[in-house]
1. Starting from residues that are loosely packed, with under 14 Cβ neighbours inside 10 Å and without any contact (Cβ under 8 Å) to a residue 40 or more places away in the chain, keep the ones in the range 112-127 and report whichever is nearest to Lys40 (Cα to Cα).
2. Among the residues of the range 121-134, are any aliphatic (A, V, I, L, M) and over 15 Å from the mean Cα position of the chain (by Cα)?
3. Just name the residue that is modelled with the highest pLDDT out of those in the range 138-153 that are more than 11 Å from the chain's Cα centre (by Cα) and of a type in the set (A, V, I, L, M).
4. Would you mention how many residues in the range 128-153 are β-branched (Val, Ile, Thr) and surrounded by fewer than 18 Cβ atoms within 10 Å (Cβ to Cβ)?
5. With the range 56-173 as the region, which strands (runs of 3 or more DSSP E) entirely inside it contain at least 1 residues that are β-branched (Val, Ile, Thr)?
6. Would you please name the residue that is modelled with the highest pLDDT, looking only at residues in the range 185-204 that are surrounded by 15 or more Cβ atoms within 10 Å (Cβ to Cβ) and over 16 Å from the mean Cα position of the chain (by Cα)?
7. Report yes if Ile101 is at negative phi, β-branched (Val, Ile, Thr) and in contact with a strand residue (DSSP E or B) (Cβ under 8 Å, 6 or more places away or on another chain), otherwise no.
8. Yes or no: the range 170-181 includes at least one residue that is at pLDDT 95 or above and polar (S, T, N, Q).
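The values are calculated or read from the model by the stated rules, or taken from the named source; none is laboratory data. It should be emphasised that the depicted structure is a prediction, and the values quoted were computed from it without experimental measurement. As a convention, Cβ positions derive from the backbone with ideal geometry for all residues, glycine included, and neighbour counts pool all protein chains shown.
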Amino acid sequence: MQLDKEIYHHSKAKLQDYVPLVGRGTIEALNALAGRLSGKVIQNINSTYTGGGVAEILTRMTPLLNQLGVDARWTTIKGDDRFFSVTKKFHNALHGKIESISSEDFSLFLEVSRKNIEELQFNGDIIFVHDPQPVVLISKRHEIGEKWLWRCHIDVSNPDEKVWEFIQNYVVQYDATVFSAPNFTRRLPNRQFLIHPSIDPLSD
């Protein structure tokens, strides 16, 4: 499977453009926090460079972090139409929608995930995995990365339990999880953090 090389997105937005909105003190505070990540590589991994909320977030966030001096990078997994058809079923089921998911679907998901594990270039000290599609990448934890984080951008408060149990087997291996709202979370043994939904006021 041919994987895209790491790409760097160049946004028109500059940190100074946000000063009238948040104040210079906020930008200075962000610079101070960024200094704590000096020498560390943050590798974001999701399923696509275009389309969807996660891609929109990373398109803006990655270059802004770079402007702060943070070595933030963005990589995607690969999969064919069958794989993404299965992940769409997973997505719907995790939202509580009834889906017909076979044992073959689970097997295909694992097969493609393992290929990504073999072929993806992991180069982060902190690996930030977004949503269920790349969740199995945590299996690489023993070889790369100091910290692994999983951010769930969807509501999994009332999921299809069969699908959630499957996903949870990997989620619990992460150092921490990130959710969008308190009522979107699940009871998990690892640390949980909240990053509330937001809109970039300078986005198109």
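1. Per the criteria, the residue is Glu118.
2. No, the conditions are met nowhere in the range 121-134.
3. Ile138
4. So the answer is 1.
5. Filter on the range 56-173 gives 71-76, 126-130.
6. Ranking the candidates gives Leu188 first.
7. When the stated conditions are applied, Ile101 does not pass them.
8. yes
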